[in-house]
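Just below is one structure, and these are the notes that go with it.
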Amino acid sequence: MYAIVEIAGQQFKIEKDQRLFVHQLEAKEGSKVNFENVLLLENGGQISVGAPVVAGVKVTAKVERHLKGDKVIVFKKKRRKGYKVKNGHRQCLSEISITDIAVKTDSNPKKEKKADEEKKTVAKKVVAKKVAPKKKAVAKKTVAKKETSVKKAAPKKKAATKKEDK
């Protein structure tokens, strides 16, 4: 069984008893952390894809330690200008070990129906609050068009140039 979980803004493919490094978590060392943003779950050949998350799945992990990653050198240079800047950076990380991937199999149809009904009532309230679109002032536009549609006189012919007269 494996799952794809969003942890601290990143997605990880995890399995039970796996160790991985993630961006630093606020939990203390030795404490347990639960992740409920499970995007995909594979359980015995059966794949469940969430929209956006799979409901009823929870991943439990233990924070082993907090540490810093390898140093990354950031070097900037502009040629022929004498500009050089060298900086270093070490990312703060947490090492976690996955202890359990729990799947809830209890599905209460009454609770699901209530949740669906609540969603529908909320949607109806939102639709009711929206005001019908304003009617366009069609009459004013047609009047304006009629006034501007008055036929214009044909343009006057230009006077003959001097060269043509001679």
Go through (1) over 19 Å from residue 104 (Cα atoms); (2) in contact with a Lys or Arg (Cβ under 9 Å, 6 or more places away or on another chain) one by one and return the number of the condition residue 28 breaks. (2)
Please count how many residues of region 40-80 are touching a Lys or Arg at 6+ places or on another chain (Cβ under 6 Å) and modelled with pLDDT under 95. 1
Which of the residues belonging to region 20-37 are under 21 Å from the mean Cα position of the chain (by Cα) and either touching a residue at least 40 places away in the same chain (Cβ under 8 Å) or surrounded by fewer than 13 Cβ atoms within 10 Å (Cβ to Cβ) (or both)? 22, 23
Of all residues in region 7-51, count the ones that are part of a loop (DSSP other than H, G, I, E, B), in contact with a strand residue (DSSP E or B) (Cβ under 6 Å, 6 or more places away or on another chain) and more than 20 Å from residue 103 (Cα to Cα). 6
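The values are calculated or read from the model by the stated rules, or taken from the named source; none is laboratory data. Keep in mind that what you see is a predicted model, and the values were worked out from it rather than measured. Backbone-built Cβ (ideal geometry, glycine too); neighbour counts: all protein chains shown.
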